[in-house]
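The structure appears right after this line, and notes come after that.
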Amino acid sequence: MKLAYWMYAGPAHIGTLRVASSFRNVHAIMHAPLGDDHFNVMRSMLERERDFTPVTASVVDRHVLARGSRDKVVNNISRKDEEQRPDLIVLTPTCTSSILQEDLQNFVDRASFYSDSDVILADVNHYRVNELQASDKTLEQIVRHYLDRARKEGISNRSLTDAPSANIIGISTSGFHNQHDCRELKRLLGEPGVSINQVIPEGEFLENLKNLPRAWFNIVPYREMGLMAATLLEKEYGMPHISTTPIGILNIADFIAQIGKPVNLWAFVLLEKELNYDLYVENQTKFVSQAAWFSKSIDCQNLAGKEAAVSGDATHAASITKILVREMGIRVSCSGTYCKHDAEWFNEQVQGLCDEILITEDHTEIGDTIARIEPSAIFGTQMERHIGKRIDIPCGVISSPVHIQNFPPGYRPFLGYEGTNQISDLIYNSFNLGMEDHLSDVFGGHDTKGVNTKSLSTDRRDIDWAPEAESEPKRIPGFVRGKIKKNTEIFAKRNNISEITVDVMYAAKERLSP
């Protein structure tokens with residue numbers, strides 16, 4: 001647990017609630033003080049759903065602190081059981097209520113006597129894990145619970161489907177473009193003849209979890225949620241899983257090739273034939289995805305020599321880095337992720353593709369790094385977009401956390417061949433091209449640039465700019481102002497100058513010019 005005024009990944013209970021509210025007919029009880037119960041509003045806003053979020057807050061107030069929480073929590077569970085008849089009620093504390101050190105498992109055991117619904121306590125250490133880790137753990141816990149029950153009751157179905165099929169694990173509510181990605185992933189699998197057995201947790205009933213082992217293999221599109229459940233299924237039922245994310249032309253080709261391995265393993269036995277997906281990949285690359293053609297066009301070649309900085313969750317940051325470098329020829333000065341728990345995998349994926357790897361949850365460190373390298377464009381989260389606005393660098397949003405405008409009603413997948421088109425548009429439109437900035441200065445308008453004289457980090461020594469010095473760069477084309485400002489400040493720091501005047505600017509120009 002960390003006290004902070006900004007977090008890339010939310011607290012653990014948010015991850016648990018995302019999983020619980022993704023399943024159908026599952027209700028969550030959040031044992032929390034007022035202030036921790038914002039999930040309902042956040043989910044309703046982002047998902048634009050007409051139904052109420054199936055989460056109830058069992059509020060910890062002064063009366064609870066005086067008498068204890070057991071009766072209130074048990075009564076809330078019993079009430080929701082009677083009112084909504086869910087298949088499962090998940091009880092989760094928050095970081096704040098965990099400080100009370102109450103025996104919540106005892107509350108769950110007691111409530112189970114009065115409830116027809118199943119009742120479980122989220123098995124998550126709220127002090128040590130974040131939203132992403134908690135969602136992964138909660139999904140694995142629910143899958144394990146119902147598969148173990150089915151096995152004990154003798155209703156587990158382990159017979160494979162007649163045709164090749166897959167489970168998609170990790171599509172959830174409030175995920176970055178998850179609904180669009182799921183639709184595209186179904187198309188990507190369906191066209192080569194792989195049907196979908198189940199998609200979990202989004203929109204699935206718990207009673208169907210017993211059929212998970214019927215699929216030929218599992219797909220985990222995002223490393224942040226689903227790996228633990230896929231590992232469980234592989235260990236307990238021998239089901240292989242594919243964790244390569246099909247983002248970008250090259251990754252999709254690798255993804256399809258990996259599908260061929262488990263499919264042909266069983267196809268030879270059950271269908272007495274072997275399937276080849278090479279022609280499918282070739283046709284999709286040539287005629288469906290425009291990204292392969294675009295990467296060879298003069299428009300994309302104009303991006304050669306541009307520099308970019310990438311930051312986001314491990315899945316998207318690594319994928320976008322590969323697309324920029326391998327498919328579009330753009331130099332990545334820095335690639336980073338806030339998923340510190342997945343640092344080893346991330347390092348392996350981007351090693352050799354960028355000048356610098358940054359793994360941190362500190363947004364000020366990320367901001368200072370971006371300000372130092374001054375890339376032509378940033379690809380990151382909503383925080384990197386804010387950073388970009390402060391230092392006048394465009395940013396394309398490629399990962400959570402995001403604002404509501406990055407939950408578009410229109411079809412905007414990142415996965416699959418249609419996703420390659422969307423990403424190509426995003427990358428191309430995120431750069432300021434040619435004389436765009438200079439023309440804005442020439443013709444005027446609301447977007448004429450000023451000079452940013454603020455530092456991103458609060459612990460760095462600021463240098464003041466005299467009023468006449470601030471107005472001087474307006475005579476300079478916009479696309480070089482940032483470089484001149486940086487060089488001037490470097491000169492001032494080296495010479496212990498606290499205020500930059502016009503004379504200092506010209507002195508810096510003479511000293512630093514080649």
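A short reminder: the numbers here are calculations on the coordinates, not readings from a lab. What you are looking at is a predicted structure, and each value in this text was computed from that prediction instead of being measured. Cβ coordinates were reconstructed from backbone atoms using ideal geometry, including for glycine residues, and neighbour counts include every protein chain displayed.
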_Among Asn130, Ala150, Phe431 the positive-end extreme of the charge dipole of the chain (Cβ point charges)_ = Phe431
_Rg over Rh [alpha-carbon atoms, Kirkwood Rh] for the stretch 292-443_ = 0.95
*asked:* Let's test the formula: R0 of 51 Å, r as the Cβ-Cβ distance of Glu83 and Leu275. What FRET efficiency results, to the nearest 0.05?
replied: 0.55
*Determine, at each q value in 0.17, 0.22, 0.27 (inverse angstroms), the log₁₀ of I(q)/I(0) that the Debye formula gives when each Cα of the stretch 464-512 is one equal point scatterer.*
-0.42, -0.72, -1.08
*Helix 363-373: angle to the longest alpha-carbon principal axis of the chain, degrees 0 to 90, nearest 10?*
40
*asked:* Calculate the FRET efficiency for Glu499 and Thr360 from the Cβ-Cβ distance with a Förster distance of 30 Å, rounded to the nearest 0.05.
replied: 0.35
*Please list the radius of gyration and Dmax for the stretch 339-422, considering alpha-carbon atoms only, with Å as the unit.*
14.2, 37
_Rounded to two decimal places and with Rh computed the Kirkwood way over Cα pairs, what is Rg over Rh for the stretch 155-195?_
1.07
*All Cα pairs of the stretch 65-201, percent lying beyond 20 Å*: 62
_Quick one: 3J(HN,Hα) in Hz for the stretch 381-390, Karplus 6.51/-1.76/1.60 with θ = phi - 60°, rounded, Gly and Pro as x._
9, 5, 5, 5, 5, 5, 4, x, 5, 5
*Please work out the C-alpha center-to-center distance from the stretch 90-168 to the stretch 274-342 and express it in whole Å.*
37
*Report the residues of the stretch 48-62 in range of a label on Asn75: point 7 Å along Cα→C-beta, backbone N strictly under 17 Å from it.*
56-62
*To two decimal places, what compactness ratio does the stretch 216-267 give when its Cα radius of gyration is scaled by 2.2 N^0.38 Å?*
1.14
*With the Cα gyration tensor of the stretch 165-276 giving a ≥ b ≥ c as the square roots of its eigenvalues, does the rule (a/c under 1.5 for rounded; else a/b larger than b/c for prolate; else oblate) give rounded, prolate or oblate?*
oblate
*asked:* Could you work out [θ]222 nm for the chain from helices alone, using -39500 (n - 2.57) per DSSP H run of at least four and dividing by all its residues? Round to the nearest 500 deg cm²/dmol.
replied: -13000 deg cm²/dmol
*Longest segment of the chain with no chymotrypsin sites (Phe, Trp or Tyr not before Pro) in a DSSP loop having at most 13 other Cβ atoms within 10 Å?*
128-410
*asked:* Show me the three semi-axes of the equivalent ellipsoid for the chain, from the C-alpha gyration tensor (sqrt of 5 times each eigenvalue), largest first, rounded to whole Å.
replied: 46, 32, 17
